[in-house]
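Asker: Below is the structure I would like to discuss, written out as structure tokens.
The numbers here are math on the coordinates, done by the rules we state, and not lab data. Small disclaimer: the values here were computed from a predicted structure and weren't measured. When we count neighbours, we look across all protein chains shown, and the Cβ atoms used for this are built from the backbone with ideal geometry, even at glycine.
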Amino acid sequence: MLRSVILAASRSSRVERLVETAPYTRDVVRRFVAGTSTADVLGVTRKLVAGGLAVTIDFLGEDTVNPDQAIATRDGYLALLAALAEAGQTPAAEVSVKLSALGQKFDEELAYECARAICAAAAEAGTTVTLDMEDHTTTDSTLDVLAKLRDEYPSTGAVLQAYLRRTESDCRELATAGSRVRLCKGAYREPESVAYQSAQDVNKSYVRCMNILMSGSGYPMLATHDPRLIAIGEDRARWFDRGADEFEFQMLYGIRPEEQARLSAEGHTVRVYLPYGTDWYGYLMRRLAERPANLMFFARALTSK
Ligand code: FAD
């Protein structure tokens, strides 16, 4: 119930204005978002990489409604990749891209062309791209675009969401040599017809999918903060004899940083998903919806002086 209210608020421009203008919002946002400028994200990247972590950077922007916005997002990524290369932060830093920010909802071909330009710039900079996954109505389109991009840029990564009933089968398709797959639980509100609804069913699906990816010949990226799933991931890495360059853990910036440090200290590759940009509101609200306990933290900061 609370989750639905927060997800509804994530689409309300009135609540957005309230949040933006509240005192001390900046400190709360900064817990989950690296800042608004390229300089901000480079600064945070340097710190994380110096601490032994890898990063994947998301230039925030969703629900692009016209080609100009799509081109602006593409150009934002091109500038980011050039800055990362110049700062010597690749290949530790890669980028994550939402096709909806590149126009997928109204012109799939435009989204593909923009993503292709970003993949080319990433290859030039010595790094790679992962395509984020959004709500289930976009899954087929995103996997189609991925397949086309991988013809030219085989290291382009995909995200699969364990809450979708189809995902075990998608994992089988993608657990092949050279394929990079980020496995997450899934962050959108989805109907029962396509998605498991209970936490237990989602967790069981995550383990089945993880088994397929870890026993396959691709490069699994286990994106979760869930202690039990991380422990199972560590166990499967031992069982399938996967070293630090054969799979990785991924977590969101600002969430369980001590666990990120622990896994890294144990010799695992840990990549932090690092969002930045002025369009941070929808992202922040989804993080709050995942864990309503964060609301208290947020509410305190909004009301304190
Ligand atoms: P949960 O059961 O939600 O959480 C387990 C524990 O982690 C919690 O008990 C708590 O201790 C901690 N935790 C989790 N979330 C929070 C939080 N917000 N604040 C504080 N503590 C928290 N989803 C998509 O749909 N598409 C994507 O492309 C996508 N990309 C992602 C990339 C990365 C690197 C990661 C880590 C997640 C991504 N997600 C994506 C989000 C994902 O689907 C989940 O919504 C999110 O990771 C929470 O699920 P969980 O596995 O951490 O488990």
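Asker: Please rank Val181, Val44, Val194, fewest neighbouring Cβ atoms within 10 Å first, as an exposure proxy.
Answerer: Taking fewest neighbouring Cβ atoms as first place, the list is Val194, Val44, Val181.
Asker: List the relative contact order of the chain as a percent without decimals, with contacts defined as Cα pairs under 8 Å and 6+ residues apart.
Answerer: 25 percent
Asker: Across region 45-60, in residue order, what do the Karplus-derived ³J(HN,Hα) couplings come to in whole Hz, using 6.51 cos²θ - 1.76 cosθ + 1.60 with θ = phi - 60° and x for Gly and Pro?
Answerer: Result, rounded to whole Hz: 4, 3, 5, 5, 5, 5, x, x, 9, 9, 9, 10, 9, 10, 7, 5.
Asker: Output ³J(HN,Hα) for region 228-244: one whole-Hz value per residue in order, computed from phi by the Karplus curve 6.51 cos²θ - 1.76 cosθ + 1.60 with θ = phi - 60°, and x for Gly and Pro.
Answerer: 3J(HN,Hα) across region 228-244, in whole Hz: 5, 5, 5, 4, 5, x, 4, 4, 5, 4, 5, 4, 8, 6, 9, x, 5.
Asker: If you build the Cα gyration tensor of region 79-183 and take the root of 5 times each eigenvalue, what three semi-axes come out, in whole angstrom, biggest first?
Answerer: 23, 16, 12
Asker: Please enumerate, by chain and number, the aspartates and glutamates with C-alpha under 14 Å from the C-alpha of Lys148, excluding those fewer than 8 residues away in the same chain.
Answerer: Once the sequence-local aspartates and glutamates are set aside, what remains near Lys148 is Glu108, Glu109, Glu113, Asp140.
Asker: To check my understanding: the extent here is largest minus smallest coordinate of the Cα atoms along each principal axis. What are those three numbers for the chain, in Å, largest first?
Answerer: Principal-axis extents of the chain (Cα, largest first): 52, 42, 40 Å.
Asker: Still on this model: Counting each DSSP H run of 4 or more residues in the chain as -39500 (n - 2.57), what helix-only mean residue ellipticity at 222 nm follows after dividing by all residues, to the nearest 500 deg cm²/dmol?
Answerer: -16000 deg cm²/dmol
Asker: Would you calculate the separation in nanometres between label points at Ala39 and Trp239, each defined as 7 Å from the Cα along the Cα-to-beta-carbon direction?
Answerer: The answer from the label model is 5.0 nm.
Asker: Ala87 to Lys47: extension gain in nm, 0.36 nm per residue of separation minus the Cα-Cα distance?
Answerer: Extra length available between Ala87 and Lys47 comes to 13.1 nm.
Asker: If the chain between Glu258 and Ala117 were fully stretched, how many nm would it gain, using 0.36 nm times the residue separation less the Cα-Cα distance?
Answerer: 47.2 nm
Asker: In the chain, what percentage of the DSSP-assigned beta bridges are antiparallel, given to the nearest 5?
Answerer: Rounded to the nearest five, the antiparallel share is 5 percent.
Asker: Quote to one decimal, in nm, the extra length available between Val207 and Arg31 on full extension: 0.36 nm per residue of separation minus the C-alpha distance between them.
Answerer: The span from Val207 to Arg31 would gain 60.4 nm if fully extended.
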